[in-house]
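Notes for the one structure printed next.
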Amino acid sequence: MAFDAPTMLTLTVALAVAAALYLAVEWRNVRESPLLFWSAGFATIAIGSTLALLRGSGLILIGIWFANGLLVTAHWLFLLGVARFTEARFSRAWYLIFVAWLAMLLLPEGPLWSRVMLFTNSMLVALVTLKASALLRPHGRSLSVGAVQLRYVLLMHGLFYAAKAMTAVIPGTLIDLSAFRGLIIQVSLVEGAMALMLIALSMTGTVRWRREKRIERLAARDPLTALYNRRALEARADNLLKETSPARPGALLLIDIDNFKQANDLHGHLAGDRLLIALGEMLRALLPERALTARLGGDEFVILMGDASTERVVALGDTLRQRFNHMASQAFATPQAVTLSIGATLFDRPPASLAALIEQGDAALYQSKRGGRNSTRVDDRTGGESRPTG
């Protein structure tokens, strides 16, 4: 197959249509708005490349000016998609790109027409593409491999168009847009086809990775309180438990809401949800450094601490109980006060498992409830023995 201009444009149309359809299907499945903008961009390239074939029939306005304008528009849509993906905003001055392109209609015919048209088109594409690449600058670990790849593909694509623009100002360079004559035009057709494939693949990987991360986060969180669930706690507890030693004891606090059913029965399940949400917010606000918190289920919560002591555990438990009791008494009147019972286990060696540690905390919690509720019971297992306090 000869790599002449009509052949390369036909290949570009086929690739652009395939990319547009693929990204549209991805958007329909995941409903990520960047995919819709990127799909529209590839569809615009397909239309523009089809119109570019008409310049051989003498339709210069449609085949060159309008077709290249669609190329600028397509890259603008890529930029909008990247802006949606990164949740970034950019100056409205960027819309002047279209004003600059409309001004090309005023360009008089002559020997410099192809050069000025090539320079302007290439610089506008380069500016938009490099801006999109800049929006994808890494922020810590927030970008996926696909997003980093997309950033560099756009960067190289933008630099190519900047270099392409520079060739228009080099004296003696053959540039004839109407007949696709000139080495830089032929190279540009090949680069465009290759860039289409790389950009489309990178765009898909970018959104798919973020969607998978979002699903992963949702799977690790309790949907009501946004705290970790039990599975997520177990996955993250190992490092904290392994660091436990006599010099750095750990502690597990098991927290249960007293008379929770009364609040539900008297004020409805929305009242119960509000209590759970409020407790979750308090746990996040009071959580010490090197600590994890999670909702185990129902009205039962847990805190896993490092560098703990009986005094720190009791102080944390008392503060938590006082704040929650005050909130609950103000919001929901019940025959018996809605309070917190806390059972804590203090340990100085890594436990057999988190489940075994929770069982110990459950025993301390039972003692707290049996002793009248609204209290903190600490089972101090440091030093090889159990010493209940609280």
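Answer yes if at least one residue in segment 299-320 is among the small types (Gly, Ala, Ser), in contact with a Phe, Trp or Tyr (Cβ under 7 Å, 6 or more places away or on another chain), surrounded by 15 or more Cβ atoms within 10 Å (Cβ to Cβ) and under 12 Å from residue 254 (Cβ atoms), and no otherwise. No; the residues of segment 299-320 include none that is among the small types (Gly, Ala, Ser), in contact with a Phe, Trp or Tyr (Cβ under 7 Å, 6 or more places away or on another chain), surrounded by 15 or more Cβ atoms within 10 Å (Cβ to Cβ) and under 12 Å from residue 254 (Cβ atoms). Determine whether segment 319-331 contains at least one residue that is in contact with a helix residue (DSSP H, G or I) (Cβ under 6 Å, 6 or more places away or on another chain), of a type in the set (D, E, K, R) and part of a strand (DSSP E or B). No, because not a single residue in segment 319-331 is in contact with a helix residue (DSSP H, G or I) (Cβ under 6 Å, 6 or more places away or on another chain), of a type in the set (D, E, K, R) and part of a strand (DSSP E or B). When 122, 114 are checked against the criterion of being farther than 18 Å from residue 45 by Cβ, in the same structural domain as residue 60 (by the TED database) and either crowded, with 20+ Cβ neighbours inside 10 Å or of a type in the set (Ser, Thr, Tyr) (or both), 114 stands alone in meeting it. Going by the structure shown, is residue 102 assigned to a helix (DSSP H, G or I), touching a helix residue (DSSP H, G or I) at 6+ places or on another chain (Cβ under 7 Å) and either within 29 Å of residue 31 (Cβ to Cβ) or assigned by the TED database to the domain that holds residue 154 (or both)? So residue 102 does not fit the description; no. Of all residues in segment 1-30 being in contact (Cβ under 8 Å) with a residue 24 or more places away in the chain and within 21 Å of the chain's Cα centre (by Cα), which is surrounded by the fewest Cβ atoms within 10 Å (Cβ to Cβ)? Looking at the filtered set, the residue picked out is 30.
Give the residue that is most open to solvent (accessible area, probe 1.4 Å), with candidates limited to residues of segment 241-287 that are in a helix (DSSP H, G or I) and touching a Pro at 6+ places or on another chain (Cβ under 8 Å). So, considering only residues that are in a helix (DSSP H, G or I) and touching a Pro at 6+ places or on another chain (Cβ under 8 Å), the one most open to solvent (accessible area, probe 1.4 Å) is 242.
Against the definition (in the same structural domain as residue 167 (by the TED database) and touching a residue at least 12 places away in the same chain (Cβ under 8 Å)), how does residue 33 come out, yes or no? Spelling it out, residue 33 is indeed in the same structural domain as residue 167 (by the TED database) and touching a residue at least 12 places away in the same chain (Cβ under 8 Å).
Out of 387, 381, 373, I need the residue that is open to solvent by 60 Å² or more (accessible area, probe 1.4 Å), at pLDDT below 90, under 30 Å from residue 268 (Cβ atoms) and of a type in the set (Lys, Arg). Which one?
On the way: 387 fails: under 30 Å from residue 268 (Cβ atoms); 381 fails: under 30 Å from residue 268 (Cβ atoms).
Testing whether each residue is open to solvent by 60 Å² or more (accessible area, probe 1.4 Å), at pLDDT below 90, under 30 Å from residue 268 (Cβ atoms) and of a type in the set (Lys, Arg) leaves just 373.
Return yes or no: is residue 61 in the same structural domain as residue 129 (by the TED database), over 30 Å from the mean Cα position of the chain (by Cα) and at pLDDT below 80? Taking the combined requirement at face value, the residue satisfies it. Among residues of segment 155-175 that are modelled with pLDDT of 70 or more, those with a Cβ under 9 angstrom from a residue that is in a loop (DSSP other than H, G, I, E, B), sequence gap 6+ or separate chain, pair up as 155/136; 167/173; 167/175; 167/182; 168/175.
From the list 321, 370, which one is in the same structural domain as residue 259 (by the TED database), in contact (Cβ under 8 Å) with a residue 24 or more places away in the chain and closer than 15 Å to residue 258 by Cβ? Unique residue meeting the criteria: 321. Filter segment 216-240 for residues that are in contact (Cβ under 8 Å) with a residue 24 or more places away in the chain and not in a helix (DSSP H, G or I); which is surrounded by the most Cβ atoms within 10 Å (Cβ to Cβ)? Going through the qualifying residues, I end up with 227.
Residues in segment 254-305 that are of a type in the set (Lys, Arg) and at pLDDT 90 or above: 274, 284, 295. Would you mind stating whether residue 46 is under 16 Å from residue 197 (Cβ atoms), open to solvent by less than 50 Å² (accessible area, probe 1.4 Å) and either without any contact (Cβ under 8 Å) to a residue 40 or more places away in the chain or not assigned by the TED database to the domain that holds residue 199 (or both)? Criteria met by residue 46. For segment 49-83, the set of residues classified as touching a Gly at 6+ places or on another chain (Cβ under 9 Å), open to solvent by less than 20 Å² (accessible area, probe 1.4 Å), within 19 Å of residue 22 (Cβ to Cβ) and not polar (S, T, N, Q) consists of 74, 75, 78, 81, listed by residue number. Across segment 87-97, the number of residues qualifying as in a helix (DSSP H, G or I) and either in contact with a Gly (Cβ under 7 Å, 6 or more places away or on another chain) or farther than 18 Å from residue 40 by Cβ (or both) comes to 3.
The values are calculated or read from the model by the stated rules, or taken from the named source; none is laboratory data. Note that this is a predicted model, so its numbers are computed, not measured. Positions of Cβ are backbone-derived with ideal geometry, glycine not excepted, and every protein chain shown enters the neighbour counts. With ligands, DNA and RNA removed, areas are computed over all heavy atoms of the protein, side chains included. Shrake-Rupley method; radii C 1.70, N 1.55, O 1.52, S 1.80 Å.
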